[in-house]
Amino acid sequence: LALAATLAAAPALRAQQPPPAQPALDALAAPLYQELAALKGTASPGPPPVLLRSRAENRRFIEQEIGRRYSPAALEAERKSMVAWGVIPPDYDLRRLFLDLLEEQVSAYYDPRGKVMVVGDWLPPEQQRAALMHELVHALQDRELPLDTFIAPDPGHGDRLLARQALIEGEAVTLSFDLMLKPQGMDVSGLSDLSMAQGLIVSSAGGPVVGKAPKFLRDLLLFPYVEGLGFVYQFRKRHPWSDMSAVYRDPPRSTTQILHPEKYLDTRENPIPVVIPDLSRLLSGARLVSDDDLGEFALGAVLALHLGEVDGRRSAAGWLGDRYRIWEDDGGRFVIAYRVVTADAQIAAALATNLQASVEKRHPELAGKAPVREGGIVTWVDGGRVFAVESRGSSVVLLERLPAQVFDRARDTVWRARPVGASR
């Protein structure tokens, strides 16, 4: 179990050993594929196509995939959003990080377009089996649904996409565990706890690149494996593997459902739609950068950077739905309008307090500027720009760098906005 956990996230394997021969690799992969299919309850899949590739070939493939899936404009918008939320430095090269990080961490992968398994030719023979197991599950998943579509970039629904990635990776890790436990007459559902395995996955993702990456990006990288494992573990305690097909037909819709599996598996708690209206007409010269959601995971990660891991994650619990829009003005400053709906007014009030602390820590220019507190709203003013956090009932609104002359209109517009057919 510990070995599988260490290898499940496909860490960098820098051993200097001769590459395995292709026939031996094919002979290893074929029975694994059949065994995994039998555990999953799917029809015999036939022999899996497996290729050996060098590090240079892997990097070329990764670069091509990033270019295919994310335009330069989309990557730049993502980078600016992360800068605006304070999770990466202003000059951070996000594309370079993705390239270097994937090159360092990926030693085997499944290509859903080419329908082939790829194994790095530097992978030592004793590590092949664990690396292949994980990726062969992806090949089986792709027979059930088109993976390239299922986890395709989903503009405006980042939290939902992350939940789907967690489902895919969580099944791959958990099914691999089951195969390793099978000779002992055990399976994952019989284990009392997986916290040690999750901790080993975290510790396995080592290397110079990941070690230097901002904490938010490291957490984002690990979330699908660590929390996906927790979700599928809870699923297996309630259902056989054969029921997994129903989950793919109606997958989790938020990271809340991954973090708290009972909100999907027991009493379904789907996210509430939240709308942030377009304030462009009030923001002269500003350009829209992003229109997306944070979700419980990303909200907790943002708060954790400034409040500490435990308090930050706890502050995001009770999340029911959110939305933000970010604009960039002519001076390169980011304007944020964000609204989050929580389970009740008490949770919202506590979240508002923590968002206030986050605002002050993310914006050192506010140091020494005493906030104005009136009822449920706290405001700061800096150079004609207004920052505000306000709670009303179970909702919280965060506004950053709104021009003072339009602040009241913008604030009122955000609070009045409702999804079509919504009453909350």
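Does A24 satisfy being assigned to a helix (DSSP H, G or I), aliphatic (A, V, I, L, M) and modelled with pLDDT of 85 or more? In short, no. For segment 255-272, a residue qualifies if it is in contact with a Leu (Cβ under 7 Å, 6 or more places away or on another chain) and either of a type outside the set (A, V, I, L, M, F, W, C) or surrounded by 23 or more Cβ atoms within 10 Å (Cβ to Cβ) (or both), and the qualifying residues are T255, P271.
Name every residue in segment 234-266 that is touching a Pro at 6+ places or on another chain (Cβ under 8 Å) and either in a helix (DSSP H, G or I) or more than 25 Å from V202 (Cα to Cα) (or both), in order of residue number.
Within segment 234-266, Q234, F235, T256, I258, Y264 meet the criteria.
How many of the residues making up segment 99-150 are within 21 Å of L179 (Cβ to Cβ) and either of a type in the set (D, E, K, R) or in a helix (DSSP H, G or I) (or both)? Summing the residues that are within 21 Å of L179 (Cβ to Cβ) and either of a type in the set (D, E, K, R) or in a helix (DSSP H, G or I) (or both) in segment 99-150 gives 21. Looking at G211 and the list (1) open to solvent by 50 Å² or more (accessible area, probe 1.4 Å); (2) out of contact with any Lys or Arg (no Cβ under 9 Å at 6 or more places or on another chain); (3) not hydroxyl-bearing (S, T, Y), which single condition is not satisfied? For G211, the failing item is (2). Run down A197, A205, A166, A131 and say which single residue is small (G, A, S) and under 25 Å from P49 (Cβ atoms). Testing whether each residue is small (G, A, S) and under 25 Å from P49 (Cβ atoms) leaves just A131. Output the residues belonging to segment 104-117 that are touching a residue at least 40 places away in the same chain (Cβ under 8 Å), closer than 23 Å to P45 by Cβ, buried (at least 17 other Cβ atoms within 10 Å of the Cβ) and not hydrophobic (A, V, I, L, M, F, W, C). Scanning segment 104-117 gives S107, Y109, D111.
Residues satisfying the criterion are present in segment 349-366 (criterion: surrounded by fewer than 19 Cβ atoms within 10 Å (Cβ to Cβ), out of contact with any Lys or Arg (no Cβ under 6 Å at 6 or more places or on another chain) and outside any helix (DSSP H, G or I)). Pairing each residue of segment 79-94 that is within 11 Å of R362 (Cα to Cα) with any residue that is part of a loop (DSSP other than H, G, I, E, B) and open to solvent by 40 Å² or more (accessible area, probe 1.4 Å), provided the two are 6+ apart or on different chains, yields C-beta distances under 7 Å for V83/P90. If you go through segment 42-78 and keep only what is assigned to a loop (DSSP other than H, G, I, E, B) and in contact with a Pro (Cβ under 7 Å, 6 or more places away or on another chain), you end up with just Y70. Out of curiosity, is G383 on the phi > 0 side of the Ramachandran plot and open to solvent by 40 Å² or more (accessible area, probe 1.4 Å)? It is true that G383 is on the phi > 0 side of the Ramachandran plot and open to solvent by 40 Å² or more (accessible area, probe 1.4 Å). The set of residues in segment 386-418 being open to solvent by 20 Å² or more (accessible area, probe 1.4 Å), outside any helix (DSSP H, G or I), of a type in the set (D, E, K, R) and closer than 24 Å to G86 by Cβ consists of R401 alone. Considering the conditions (1) under 13 Å from W85 (Cα atoms); (2) surrounded by fewer than 21 Cβ atoms within 10 Å (Cβ to Cβ), I326 is excluded by exactly one of them, (2). Applying the set (1) without any contact (Cβ under 8 Å) to a residue 60 or more places away in the chain; (2) part of a helix (DSSP H, G or I); (3) of a type in the set (A, V, I, L, M); (4) farther than 19 Å from A131 by Cβ to V202 leaves exactly one unmet item: (4). Exactly one residue out of G158, G120, G199 is out of contact with any Pro (no Cβ under 7 Å at 6 or more places or on another chain) and either surrounded by fewer than 18 Cβ atoms within 10 Å (Cβ to Cβ) or β-branched (V, I, T) (or both), and it is G199.
Of the listed requirements (1) of a type outside the set (A, V, I, L, M, F, W, C); (2) in contact (Cβ under 8 Å) with a residue 24 or more places away in the chain; (3) in a helix (DSSP H, G or I), D278 misses just one: (3).
When E296 is tested against (1) within 25 Å of H157 (Cβ to Cβ); (2) among the charged types (D, E, K, R); (3) over 20 Å from the mean Cα position of the chain (by Cα), just one condition goes unmet, and that condition is (3).
The values are calculated or read from the model by the stated rules, or taken from the named source; none is laboratory data. Worth saying up front: this structure is predicted, and the values here are computed from it rather than measured. In this analysis, Cβ positions are derived from the backbone assuming ideal geometry, glycine residues included, and neighbour counts consider all displayed protein chains. Accessible surface is based on the protein model in full, side chains and every heavy atom, while ligands, DNA and RNA are left aside. Shrake-Rupley method; radii C 1.70, N 1.55, O 1.52, S 1.80 Å.
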